[in-house]
1. How large is ³J(HN,Hα), in whole Hz, for each residue of the stretch 97-105 in order, when computed from phi with the Karplus curve 6.51 cos²θ - 1.76 cosθ + 1.60 and θ = phi - 60°, using x for Gly and Pro?
2. Once both labels are modelled 7 Å past Cα along the beta-carbon direction, what's the Phe307-Asn115 spacing in nm?
3. Using a 10 Å cut-off on Cβ atoms, rank the peptides 296-302, 115-121, 137-143 from the highest mean neighbour count down.
4. Would you mind giving the average projected area, over all directions, of the Cα convex hull of the chain in nm² with one decimal?
5. Checking the table Lys19/Lys157; Lys274/Lys330; Lys17/Lys232 against a 25 Å threshold on Cα-Cα, which pairs fail?
6. Straight-line reach from Lys162: which aspartates and glutamates have a Cα under 15 Å away, not including same-chain ones fewer than 8 places off?
7. Pairs of Cα atoms under 8 Å, at least six residues apart: use those to get the relative contact order of the chain, whole percent.
8. Tell me the angle of helix 182-201 to the major Cα principal axis of the chain, expressed in degrees between 0 and 90 and rounded to the nearest ten.
Amino acid sequence: MNFNYYLPTEIIFGCGKVKELNRLIDKGTDNILIVTDKNVFEKSGAQGAVLNRLKDFRIEIFDEVEENPSFRTLIKGTKIAKESNAQLILGIGGGSPMDAAKGIAAFATNEVNVNDFFEGDDLSKDPLPVVCLPTTSGTGSEVTPYAIFTDMEKGKKVCFSKPGIFPKFSIIDPELSYSMPEHVAINTGVDALTHAIEAYLSLQTFPMNDLFAIEAVKTVLENLTRASQKDKVAMNKLAYASMQAGISITHASTILLHIMAYPLTVFHGIPHGKANAILLPAFLEFMKRKSFLKQKVNTIWDMFEEFGGVNNFITGLNIPTRLSSYGIRKEEFKNFARDTIIKDDIKITPAEVTEEDIIEIYTSTF
Ligand code: NAP
Ligand code: ZN
């Protein structure tokens, strides 16, 4: 067995823990840039809680982060970080503001063109320190070294990974997620579920990582319905499961399912987690037929049994699993598959996957 386990993010977990924010910021820090989404900042209660605690700092706020942040947002946020001499970037929101915060932290210290960077140019200087406060329970971005952006021109999602963008610390205060409407709680909860399943099946995982992944799968299955109905105990559990799933993908990555779901978001605006959930039953069917990790696939399959199987679990959350119900056309599958097969995550998927297989998976759920 070989593995590296690196998780430099200090995790502060618990209801009301946002109160500890000022205590945790380094003494030498004067200027902070908050990166967020205007609605979320207000609705989650973060605005009052955070600004109250940061009275001794010079605060700049960039609150224009949209779902699936674009290069334009990254460039605009970077400009504000530079102009305000930010020394720390505080990402508050779901995966979109947290990822934007990480990207801005990296670009604020470097003079690199965003397009060139995503084509392969590297960053020479370390990013600014990042701190994250999640308001959704899904992406786990608060504990990952990943940041995901959408290249609108090329019509694709691009991810970058650097140890320097691991948050310095993250405060996971489940109370900040209580304001999520039902559909956001579901879409983000199923994202955590798919992270845990994919990390568990990834060829990069190892037994210690599997413990978190399996526990996260179990917790989401048992609590997501109640969490979406605003049961606070269940919501607290989802915040924990999302973090566990995030730690699992930090060490094992996501695999085929996530890269197949990206075109659904880019070309049809389907929220990230929901896109994964739509394809989950077809993906697991494929794994059952083609994966060489039979026992692990059966373990996941069996965990869905008491919830009526994977398809019933997903449709029971009001997520139709037929691509045709989202206006997606069969003719698009070829392009989707062409974009998917070239991704590195194919290599850590535990099956021989061809472009035809990918088209077949999309078609089977049409
Ligand atoms: P999101 O895009 O951050 O948020 C979706 C919407 O949820 C927001 O626009 C907001 O709607 C609403 N919302 C969020 N928190 C709320 C709260 N507490 N109360 C009320 N409304 C709230 O969604 P996400 O699923 O968390 O993040 C998705 C992004 O993360 C994608 O770009 C995905 O690719 C990325 N991702 C990153 C990682 C990673 O490791 N870095 C992993 C997985 C996914 P309104 O603005 O309408 O109020
Ligand atoms: Zn995801």
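1. x, 5, 5, 4, 4, 5, x, 4, 4
2. Result for the modelled spin labels: 4.3 nm.
3. Put in order of decreasing packing, that is 137-143, 296-302, 115-121.
4. Directional mean of the projected Cα hull area for the chain stands at 16.8 nm².
5. Beyond 25 Å: Lys19/Lys157.
6. Those aspartates and glutamates meeting the cut-off are Asp99, Asp121, Asp122, Asp126, Glu142.
7. 15 percent
8. Tilt of helix 182-201: around 70 degrees.
Laboratory data are not the source of any read-out in this text; all were calculated from the coordinates shown. A quick note: this is a predicted structure, and the numbers were derived from the prediction, not measured. We place every Cβ from the backbone using ideal geometry, glycine too, and count neighbours over all the protein chains shown.
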